[in-house]
Amino acid sequence: MIERSALIDYRLTQARESLLEADVLMKSGMSCRSVMNRLYYAMFYAVLALLQEKQVGASKHSGAFALFDREFPSATTPERVQFVKFMMLVAGDGAISGKFLRNEFMEGINQGE
C-alpha cells in the first residue's frame, strides 16, 4: 500500500507537471482550450493532494470536487477562493480572451512558485 505522504507528493508532482505543460502550450501559441485543460488538471491533482492530507479520496472528478466543498467550506480560505476563481474561469472558457487568460495564468504560476 502506498504511504500517504508519497501519494501527496505524487499528486503535487502531477500538478506541477500540468502547470509546466500549460506554460509550454501558452508560450507556443496553442489554443486557450488546451491551456485550460492542463490548468484544470493541475487544479484537480492539487485538490486530490489536499484531500489526501485530510485522509479522504475520490475516484471521480465530481466526487473530488464535492469532497473539496465539504472539507474546505469557508469561502474565505485561500484554497477555496483560488479554486472557485479557477472553476469560474474554466466554466466561461469560451468567452476568455487570450490576454485575460495569459494574465490569470502568469499570476497563478507566480503564486505557485
**Study point:** Ser5 vs. criteria in a helix (DSSP H, G or I), small (Gly, Ala, Ser), without any contact (Cβ under 8 Å) to a residue 40 or more places away in the chain and within 21 Å of Glu71 (Cα to Cα)
**Key:** yes
Practice item. Would you please list the contacts, defined by Cβ atoms under 7 Å and residues six or more apart or on different chains, that run from a residue in the range 10-28 that is without any contact (Cβ under 8 Å) to a residue 40 or more places away in the chain to a residue that is part of a helix (DSSP H, G or I) and among the basic types (Lys, Arg)? Key: Ser18/Arg38; Glu21/Arg38; Leu25/Arg38
Check your understanding: If Met26 passes every condition in (1) part of a helix (DSSP H, G or I); (2) under 21 Å from Ile8 (Cβ atoms); (3) modelled with pLDDT under 90 but one, which one does it miss?
Key -> (2)
**Study point:** In the range 33-62, the residues that are part of a helix (DSSP H, G or I), among the hydrophobic types (A, V, I, L, M, F, W, C) and surrounded by fewer than 19 Cβ atoms within 10 Å (Cβ to Cβ)
**Key:** Phe44, Ala49
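The values are calculated or read from the model by the stated rules, or taken from the named source; none is laboratory data. Quantities reported herein were computed from a predicted structural model and do not represent experimental measurements. Ideal geometry is used to build each Cβ from the backbone, glycine not excepted, and the neighbour counts take in all protein chains shown.
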